[in-house]
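The values are calculated or read from the model by the stated rules, or taken from the named source; none is laboratory data. Predicted, not measured: the structure shown is a model, and the values here were computed from it. Glycine also receives a Cβ, built like all others from the backbone with ideal geometry; neighbour counts cover every protein chain displayed. Accessible surface is based on the protein model in full, side chains and every heavy atom, while ligands, DNA and RNA are left aside. Shrake-Rupley method; radii C 1.70, N 1.55, O 1.52, S 1.80 Å.
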Amino acid sequence: MRCLNIDLNLHMILVLFLSRTCSCSELIVPIIIKASSAEDGYKQCEHTVRHWASSSLNSEVKEDKHLLRDLLFFLHVPRTGGRTYFHCFLRKLYSSSQECPRSYDKLRVDSRKPNCRLLSTHDDYSIIYKLPKEKTSAVIILRNPVERVFSTFEFSVEVAARFLIHPNLTSVGRMARLPRPKKAGVSTLDIWPWKYLIPWMIEDLFARRDAREHRGQTYTMTNNSYDMEDILMPLHEFINEPIVRDIVHNGATFQIAGLTNNSHLAESHEVRHCVLKYPTFGKYVLEVAKKRLNDMLYVGLTENHKESASMFANVVGAQVISQLSTSRSKREIANNNDSEQSSSLPDSRMDANYQRNNTYTKVKKVSSIGKDEETNKNMTVGKLMEAYESCTSDLRNSQEERRANSLKNISPANFTKELSTFQARRHIPKVLLQKITSLNSLDMELYNYGQSIFAKQHERVMQTIVDTKRQETILIESAYINSYGSPSWKVLSLGTAGFSLLLFLFLSRRKTSKIKL
């Protein structure tokens, strides 16, 4: 009771003091209104995020996630090795005509496009709402979040350094405005998140180059490419920049949740704003991301490269091959039926005209399939892995050559494999590594969850391989027994007929001998 009286007295003294120095309307009321407004904002955000999470979790398709559906959606998280999978796996399985239009750009996908079977993009999960969700299977590759931040930093610098061949930013802008050839591939500057990160990094590199030239090219030498502030932005600055906090940190979680700044859903941006403002709501985003990850057809890990590639070939590749084989068989049957019907038509000028038009239609269908489908006509899982290994070697060499040429523009900074990037990372202070880990807490938890999915997936694939081999062994043994172990009725009949013939000849000879005597 005494404590309560003391508190009340102190409160009264404070009120009297404030009332003498200024009016309550000038000080006390604004404080109360501000606190109330902040509380209302928090509650509104909590309602928004929880409602989004609930509707997202309840709207997911609940069919057999292990079966490949009609459309394969490769959700490519940046810097996870997805480009290798796209070129060395998916393009070996699908023809170019089967790729959905404008892959890797912000898509305007028409899912009704005939033969659209593959969508590979950096767009976030929200794009699935433009697709027939019940007919779509998603696959993804995850990477250790700390390593992914390193790789994002290195790639941003590498691509931006290519533009240092220009004398100034004005020249860069002039080049960017030039019309691009229609047959040219999608530019890195058109792809999320690089369309934000690369221009920002280009400006920084030019600013640092101009500063060096202004003071006469003198700068402090260091062997650490992650801390050369005279040449490029140091890593410790990079991770704290607003654009990096907005796009890179926890990027995998936000991409799977469909909450990037590139989202296709209007309500996603409000949810994203609330989660970035109040990080405690991140638990709801993580819950949605985990659920979607668990429902995917395949989850790979960059760090488990060989096992991931083998599983992709057995989980995804085998089903794609089976699907394409089935669709080819159906198409051949349909074409044969068309041929039989057209051959039974009367031989008149009108019918001949019809046949010419029908042939033209068939040629269009065949040409739309493309010549590259013929190359995967006899594809098997074994051949797919052989093609993948050959392709990755060539792709790795071309990437390293391009990277080396680009980084010459910011020498002595270098991130090439020849100079052991991984060894250079060992010199990064532990405090900085802990900071990156902390900034990516959602991604760290999601990655750990992905590892558990990967382990279960690996166990399931190995069990399938063992069961398949066991069945093959049983079939071979059964075939052997049928051929040699238990004679068929034909063998018995031949044996009986042969025995009868020999008996007949023996009796005939015996009868002949008696006559001669």
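Below, the figures for the structure above:
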| quantity | calculated |
| --- | --- |
| For LYS133, solvent-accessible area (1.4 Å; no DNA, RNA or ligand), Å² | 40 |
| Cross-link pairs beyond the 29 Å C-alpha cut-off, checked among LYS195/LYS435; LYS430/LYS456; LYS135/LYS469; LYS65/LYS277; LYS65/LYS383; LYS277/LYS435 | LYS430/LYS456; LYS135/LYS469; LYS65/LYS277 |
| Accessible area, probe 1.4 Å, largest first, for residues MET201, MET385 | MET385, MET201 |
| 24 Å tail of the calculated P(r), the range 212-327, as % of Cα pairs | 56 |
| With DNA, RNA and ligands ignored, accessible area of ASP295 (1.4 Å probe; Å², nearest 10) | 50 |
| Alpha carbon Rg of the range 114-257, scaled by the compact-globule rule 2.2 N^0.38 Å | 1.28 |
| Heavy-atom SASA rank of GLU472, GLU46 (probe 1.4 Å, accessible area, largest first) | GLU472, GLU46 |
| Accessible solvent surface per residue of the range 114-208, calculated while the other protein chains remain in place, 1.4 angstrom probe, Å² | 41 |
| Contour excess over end-to-end distance, with Cα ends at ARG174 and VAL186 and 0.36 nm allotted per residue | 2.4 nm |
| Projected area averaged over orientations for the range 124-193, convex hull of C-alpha atoms, nm² | 7.5 |
| Exposure ranking of GLU400, GLU303 by accessible area [1.4 Å probe, largest first] | GLU303, GLU400 |
| Peptide ranges 439-452, 161-174 listed from the most packed, as the mean C-beta count within 10 angstrom indicates | 439-452, 161-174 |
| Cut-off 15 Å between beta-carbons: net charge of the residues surrounding ASP230, Lys and Arg +1, Asp and Glu -1 | -2 |
| Gain on full stretching of the segment that runs from LYS283 to ASP210 - 0.36 nm per residue minus C-alpha separation | 21.9 nm |
